[in-house]
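These notes are about the structure you will find just below.
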Amino acid sequence: MIEINAKLLRDQSAVFMCGEVVECLIDFIHPSLPEHKISQSNSDILENLAWATVQLHCYCNASLNDRAANDVSAANRNVGGTTSLNASNQLKGEVLQSTEPKILFCDLRLSPGEAKQFLYRETVPLNTPPTYRGIRVKYYYKITIATQRLGSSVQALNIPIRVLPLPLPQSDLDEAITLNDESNEDLAPNNPFLEKRRPPSRIEYALHYLRGVTARRRPNFFMITNKWGKVGRFCLFKSAYKLGEDIVATIDFSCGTVKCVQLSVTLQCEEIELRASSASAQTGKLGEETVGTEQGTPEANPAQTNGASGGPAATELDRKKCISRVTNYSKHHEVCLGMLQTQVILPIPLHVTPTFRTDLVEVSWRLHFQFVTSTNPELSSESLIDRTAENEEELEWVAPTDIAIETMIWSLPITIYPTAPLQIPQPCGEYKLNIK
């Protein structure tokens, strides 16, 4: 029997960014024979493995309606290093991309108590999607260690890892802001006694850009109105966040003319299929499925506020031809009748996937609002002042039993970026495979 043990060098977090190097220690161990067993021949002592290879695979498990389009896209996928271990990997989905196989050894012989250790190093490809477990589309990564014993079938050991997208500047302005901190050091005189500074790596450059783009605080104000008047003013301090951050916002009801009875804000992840079926493309309607708890039914649409639009008209038309599915995460619910101001705090979980887009799916994030308003005259501040003036000693107010309400909804898109991989606690244990 031969025992295979595999463990990542970064055991405190099995999370990597695209373009980062993955290191894994692989041990092939032949356990010692029991003392009471006596070997009859040399074949009982030596264990022989014909070969062993290691690869990094990216799998795509999609159950979309347009199967023909998926077959065409699967034919165009870059699957490198196809070997016989693909038949032994009975995992769900198709191999979207794989690295070149690295051969660890050929014809390895181990005596009882002997062990061989190998170090596997591989760079995560840049043009692959991040790890995502959605409703209809799933992307996941496995480090596949395959080996074959003489006279036996191929056996594989799979080690799961999580991959985050690499944040890069989207425009020349973002790149200039990112490199602004390093411009002063380039103008400083060179010191011949100091070591020459090496240029930053791609990962360091991406993390530097990530810190800059998520640290900018540019408050955006939105006036929430309906057909009866102003409800309040919403203030979002920034629109770009990292995994693990808190979304902090304020709502000012002092400027409103319509009373807001109840407020609900939900952090939602929207999964949009970019390859819809022909039937849905002809109708041109947006089908939406919500996963999670959702309270209330919208009765009235809110007025369009400044900044609430999500992009050009052509882009919105294309999005309406696709199928959208929504998953709820953090939620803030509050009864805000009589309040002048309130704040909203929504934590972003570390296990979710940041904003990204592929040929099959687009994942975006938004804040979904539900405002329950009322124009009941008994809730107005003028009626309360009149009752107080009539009898200053009695300040007790009894709420009405029935009030007429209207519910309006609004969605505000935001961008979620990845965070540093070491900040996500996801320990990786030791994986074992026994070959008998």
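The values are calculated or read from the model by the stated rules, or taken from the named source; none is laboratory data. All values reported here derive from a predicted model rather than from experimental measurement. As a convention, Cβ positions derive from the backbone with ideal geometry for all residues, glycine included, and neighbour counts pool all protein chains shown. The accessibility values were calculated without ligands, DNA or RNA, using every heavy atom of the protein model including side chains. Shrake-Rupley method; radii C 1.70, N 1.55, O 1.52, S 1.80 Å.
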Fill in the blank from the handout: Of the residues in the range 95-108, those that are surrounded by 14 or more Cβ atoms within 10 Å (Cβ to Cβ) and part of a strand (DSSP E or B) number 8
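The rows are residues; the columns are (1) hydroxyl-bearing (Ser, Thr, Tyr); (2) open to solvent by less than 60 Å² (accessible area, probe 1.4 Å); (3) part of a strand (DSSP E or B); (4) at pLDDT 90 or above.
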residue: 386; (1), (2), (3), (4): no, no, no, no
residue: 397; (1), (2), (3), (4): no, no, no, no
residue: 401; (1), (2), (3), (4): yes, no, no, no
residue: 413; (1), (2), (3), (4): no, no, yes, yes
Fill in the blank from the handout: Subset of the range 351-378, residues surrounded by fewer than 16 Cβ atoms within 10 Å (Cβ to Cβ) and either within 26 Å of the chain's Cα centre (by Cα) or in a strand (DSSP E or B) (or both), comes to 351, 357, 359
Fill in the blank from the handout: Inside the range 109-134, the number of residues satisfying the requirement of being under 20 Å from residue 2 (Cβ atoms) and buried (at least 19 other Cβ atoms within 10 Å of the Cβ) is 1
Problem - Residue that is least open to solvent (accessible area, probe 1.4 Å), among those in the range 145-168 that are under 18 Å from residue 118 (Cβ atoms) and of a type outside the set (A, V, I, L, M) - result: 147
Handout entry: Number of the exception - residue 424 against (1) modelled with pLDDT of 70 or more; (2) more than 16 Å from the chain's Cα centre (by Cα)
Key = (2)
Problem - All strands (runs of 3 or more DSSP E) inside the range 217-322 with 3 or more residues being touching a strand residue (DSSP E or B) at 6+ places or on another chain (Cβ under 9 Å) and either loosely packed, with under 12 Cβ neighbours inside 10 Å or modelled with pLDDT of 90 or more (or both) - result: 220-226, 229-236, 240-242, 246-252, 259-273
Completion exercise
Selection from the range 240-256 of residues farther than 19 Å from residue 213 by Cβ and aromatic (Phe, Trp, Tyr) yields 253
Practice task
Kindly list, by first and then second residue, each pair from a residue in the range 137-156 that is within 11 Å of residue 49 (Cβ to Cβ) to a residue that is among the basic types (Lys, Arg) and modelled with pLDDT under 90, limited to pairs with Cβ atoms under 9 Å and residues at least 6 apart or on different chains.
Solution key: 149/436; 152/436; 155/149
